[in-house]
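Chemist: Would you mind keeping the following structure in view while I ask a few things?
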Amino acid sequence: MPVTHTHRWKTPALAVSALLVGLTLPAATAGPASATTTSYDSTYYKNAVGKTGASLKSSLHTIISSQSKISYAAVWDALKVTDQDPNNSNNVILLYSGVSRAKSLNGGDTGDWNREHVWAKSHGDFGEVTGPGTDLHHLRPADVQVNSIRGNKDFDNGGSTVSGGGGSLTDSDSFEPRDADKGDVARMILYMAVRYDGGDGFADLEPNEKVNNGSNPYIGKLSVLKQWNDEDPPSAFEEKRNQVIYDTYQHNRNPFIDHPEWVDAIW
């Protein structure tokens, strides 16, 4: 059976008494993602289903570490498939901005899109090496200028509007994606933390509660990422992307897209 959780909803108790004393009833707050069931639970996730905490994380690491790897040059063509605009096969949808842009406009100039490492490659110093530097589960097409503004900043709430960023915000040490991409970002970051644990020659990537992590193999803030995972559940676009990566390229999955409740089960 999949992991289940008790929802932490604030419910109004003794409503009549509250009204008598003139109190305002508390508003509901987002609880953890509901438990899900997938067609992969009896096969791909067989050794993870039913576990929690460190045991779940370890099992998922073993499962998703079995993958095919591609070169950084091959990422260009892969993103044209994984992030194809469902309404225009000539375009890709850009992370952060949500803009649909021609697949042919990949490059480094203004108006182009490039390969955004959602887990900033300097956080753990893995660069563009085959492995974490080329893992499609955290590489997304993004507008060159928006990508530059994000840079290697950690993720947190707040800041000023990013020009062309679709509603994204930024300040001196953090970046907040537009609402439609918040859950995507959270699940990509937490995938990386499970997949790369220091055992295969790369840094042990982990989320933490800080910003300004610099070159350390950490990205924050975990509490904010967990909130984003709850508030922005996996979309059809995100689920299809996960499937394409599994079927065509890496043959591994992002477990937090299939089971967003596993975020709370681990962290």
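Chemist: Looking for something open to solvent by 40 Å² or more (accessible area, probe 1.4 Å) and charged (D, E, K, R) - is there at least one such residue anywhere in the stretch 130-143?
Modeler: no
Chemist: Here's something else I'd like to know. Going through the stretch 95-113 one residue at a time, which ones are open to solvent by 40 Å² or more (accessible area, probe 1.4 Å) and among the small types (G, A, S)?
Modeler: Across the stretch 95-113, the qualifying residues are S100, S104, G108.
Chemist: Still on this structure: Please enumerate the residues belonging to the stretch 232-250 that are open to solvent by less than 50 Å² (accessible area, probe 1.4 Å) and small (G, A, S).
Modeler: S235
Chemist: I would also like to ask the following. (1) outside any loop (DSSP other than H, G, I, E, B); (2) touching a Leu at 6+ places or on another chain (Cβ under 8 Å); (3) not hydrophobic (A, V, I, L, M, F, W, C): which one isn't true of N147, the others all being true?
Modeler: Result: N147 passes all but (2).
Chemist: Another one. Among what's in the stretch 251-267 and is closer than 20 Å to P132 by Cα and more than 12 Å from the chain's Cα centre (by Cα), pick the residue that is most open to solvent (accessible area, probe 1.4 Å).
Modeler: The extreme case among them is H251.
Chemist: Turning to a different aspect of this structure: Residues that are polar (S, T, N, Q) and touching a residue at least 12 places away in the same chain (Cβ under 8 Å): list the strands (runs of 3 or more DSSP E) wholly contained in the stretch 151-267 that include at least 3 such residues.
Modeler: none
Chemist: Are any residues in the stretch 54-94 part of a helix (DSSP H, G or I) and either aromatic (F, W, Y) or open to solvent by less than 20 Å² (accessible area, probe 1.4 Å) (or both), and if so, which ones?
Modeler: L56, S59, L60, I64, Y72, V75, W76, A78, L79, T82
Chemist: Something else: Go through (1) out of contact with any Ser or Thr (no Cβ under 7 Å at 6 or more places or on another chain); (2) over 18 Å from Y246 (Cα atoms); (3) among the acidic types (D, E) one by one and return the number of the condition D85 breaks.
Modeler: (1)
Chemist: Further question on the same structure: Restricting attention to the stretch 112-121, does a residue exist that is free of Cβ contacts under 8 Å to residues at least 24 places away in the same chain, part of a loop (DSSP other than H, G, I, E, B) and over 22 Å from R253 (Cβ atoms)?
Modeler: Initially, the stretch 112-121 is screened for residues free of Cβ contacts under 8 Å to residues at least 24 places away in the same chain, giving 117.
Remaining after also requiring part of a loop (DSSP other than H, G, I, E, B): none.
Among the residues of the stretch 112-121, not one is free of Cβ contacts under 8 Å to residues at least 24 places away in the same chain, part of a loop (DSSP other than H, G, I, E, B) and over 22 Å from R253 (Cβ atoms), which makes the answer no.
The values are calculated or read from the model by the stated rules, or taken from the named source; none is laboratory data. Everything quoted here is computed from the prediction, not taken from an experiment. Note that we place each Cβ from the backbone using ideal geometry, even for glycine, and neighbour counts take in every protein chain shown. Accessible surface areas use protein heavy atoms only, side chains included; no ligands, DNA or RNA. Shrake-Rupley method; radii C 1.70, N 1.55, O 1.52, S 1.80 Å.
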